[in-house]
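The values are calculated or read from the model by the stated rules, or taken from the named source; none is laboratory data. Bear in mind the structure is a predicted one, so any value in this text is a computation, not a measurement. Positions of Cβ are generated from backbone atoms using ideal geometry, with glycine treated the same way; all protein chains shown enter the neighbour counts. All accessible areas refer to the heavy atoms of the entire protein, side chains included, with ligands and DNA or RNA removed. Shrake-Rupley method; radii C 1.70, N 1.55, O 1.52, S 1.80 Å.
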Amino acid sequence: MLVRFLGTNGWFDSATGNSICTLIEASDAYVVLDAGNGIHKLGRYIDDSRPVYLFLSHFHLDHIVGLHTIVKLKLPQGLQIFGMEGAGDILKSIIRRPFTVPLGEGPFPVKVLELPRDADKAPFLEGYGFLVHSDPCMGFRFRLDGKTIAYCTDTGICDELIRLGRDADLLIAECSELSGRHSETWPHLNPEDALSVARLCGAKRLALTHFNAHLYDTIEKRKEVEERLKSAFEGLTVAYDDTVIRLQA
Ligand SMILES: [Zn+2]
Ligand SMILES: [Zn+2]
C-alpha cells in the first residue's frame, strides 16, 4: 500500500508545494485525504479499478480549494466525498456557480456522505472524531490492507487525536507551527508536539504534512526539522510534495 503526498502545504500554495492532499492507494480503494490544490495530481495515480473516497477534515479553503479542479479527472466509478454533518450543504454553498462547476455536474457522479449518518458506507473507516481547531475539524482512522492509518490535521494536542492515533502503523499529522510556537485561538502542532503525540499514541510511524506556507517558506526549514528530529523518532517522515511511503502488508 502506498501513501502519496500530493500537496503538503498548509494555508496556500508556494514554491514549497501545493496545499494539502494525500492519496492512499490500497488494494480495494483509493482514499484521498483532503482536497487542497495537490488534488490536481490525482489523475496521475488513479484509474477506474477501485472506488475513490475523499475524506474532508474540515472546510478551511486550503482543504477544499482543489475541488474546483476535479472535473478534469476520469472517474467513471464516481467519487464519494465524506465529511462532517452538514457537509453537503456547506460544499453546495461554495462549489457552485459562478465560482466553478457544481459537484456532480461534471463528467462523473459525485456523492456527498456525512458522518456519522453514512459511516457504514466506508467499511474501512475505523474511527473519526472532532479535533481542536478554530472551526470544527475531524480526524480519521482507517484500516486498509491490514494496516492502521490515522489522519489528523489542523489540531492542537487533544484526547481525540491520541485516541485516533493509538497504535497506528502510520500517523499522518500536521506540522503548521514552528518549534516553540503555539496559538490558543488557532491551534496547530509544532514538530515537537507532533512527535510527542506519536509517542503518546504508540504510533509506529509518523508523517508530518500541512506545513504552514507562511512559516515554512523554504524547503530548508522542513529539512531542518527532519535533521533535528530524525534520530528522536525512527519512523519519522517529513513529507514534501511527491513523497511516497510504502506500508508493507
Ligand atoms: Zn489547514
Ligand atoms: Zn484549518
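Does any residue of region 109-116 turn out to be away from ligand 1 (no atom under 16 Å from the Cβ), open to solvent by 40 Å² or more (accessible area, probe 1.4 Å) and closer than 20 Å to residue 133 by Cα?
Yes, region 109-116 has at least one match.
What about residue 198, is it open to solvent by less than 20 Å² (accessible area, probe 1.4 Å), in a helix (DSSP H, G or I) and at pLDDT 95 or above?
Values: open to solvent by less than 20 Å² (accessible area, probe 1.4 Å): yes; in a helix (DSSP H, G or I): yes; at pLDDT 95 or above: yes.
Yes, satisfied.
What single numbered condition from (1) within 16 Å of ligand 2 (Cβ to nearest atom); (2) open to solvent by 40 Å² or more (accessible area, probe 1.4 Å) fails to hold for residue 177?
Condition (2) is where residue 177 drops out.
Does region 17-35 contain any residue that is touching a Pro at 6+ places or on another chain (Cβ under 6 Å) and at pLDDT 95 or above?
Scanning region 17-35 turns up at least one residue that is touching a Pro at 6+ places or on another chain (Cβ under 6 Å) and at pLDDT 95 or above.
Please report, ordered by residue number, the strands (runs of 3 or more DSSP E) entirely within region 10-57 with at least 1 residues that are without any contact (Cβ under 8 Å) to a residue 60 or more places away in the chain and open to solvent by 10 Å² or more (accessible area, probe 1.4 Å).
Where strands (runs of 3 or more DSSP E) fall fully within region 10-57 and carry at least 1 residues being without any contact (Cβ under 8 Å) to a residue 60 or more places away in the chain and open to solvent by 10 Å² or more (accessible area, probe 1.4 Å), they are 21-25.
Considering only region 219-229, how many residues are more than 23 Å from residue 21 (Cα to Cα) and open to solvent by 30 Å² or more (accessible area, probe 1.4 Å)?
Initially, region 219-229 is screened for residues more than 23 Å from residue 21 (Cα to Cα), giving 227-229.
Filter again for open to solvent by 30 Å² or more (accessible area, probe 1.4 Å), leaving 227-228.
Counting residues in region 219-229 that are more than 23 Å from residue 21 (Cα to Cα) and open to solvent by 30 Å² or more (accessible area, probe 1.4 Å) gives 2.
Could you tell me how many of the residues in region 179-216 are of a type in the set (Val, Ile, Thr) and farther than 15 Å from residue 158 by Cα?
Residues flagged as of a type in the set (Val, Ile, Thr) and farther than 15 Å from residue 158 by Cα within region 179-216 amount to 1.
Pairs under 6 Å by beta carbon, first residue open to solvent by 50 Å² or more (accessible area, probe 1.4 Å) in region 230-249, partner assigned to a loop (DSSP other than H, G, I, E, B) and at pLDDT 95 or above, six or more apart or different chains?
249/145; 249/146
Does residue 90 satisfy the criteria of being open to solvent by 20 Å² or more (accessible area, probe 1.4 Å), closer than 25 Å to residue 212 by Cβ and over 15 Å from the mean Cα position of the chain (by Cα)?
yes
Among the residues of region 58-79, write down those that are crowded, with 20+ Cβ neighbours inside 10 Å and more than 16 Å from ligand 1 (Cβ to nearest atom).
70, 75, 79
I'd like the full set of residues that are within 16 Å of ligand 1 (Cβ to nearest atom) and open to solvent by less than 50 Å² (accessible area, probe 1.4 Å), limited to region 117-142.
Hits for region 117-142 are 131, 133, 134, 137, 138, 139, 140.
Tell me yes or no: at least one residue of region 24-32 is of a type outside the set (Lys, Arg), within 16 Å of ligand 1 (Cβ to nearest atom) and within 23 Å of residue 240 (Cα to Cα).
Yes, region 24-32 contains a residue that is of a type outside the set (Lys, Arg), within 16 Å of ligand 1 (Cβ to nearest atom) and within 23 Å of residue 240 (Cα to Cα).
Being open to solvent by 10 Å² or more (accessible area, probe 1.4 Å) and within 16 Å of ligand 1 (Cβ to nearest atom) narrows it down to one residue among 185, 100; which is it?
Selected residue: 185, the only one of 185, 100 that is open to solvent by 10 Å² or more (accessible area, probe 1.4 Å) and within 16 Å of ligand 1 (Cβ to nearest atom).
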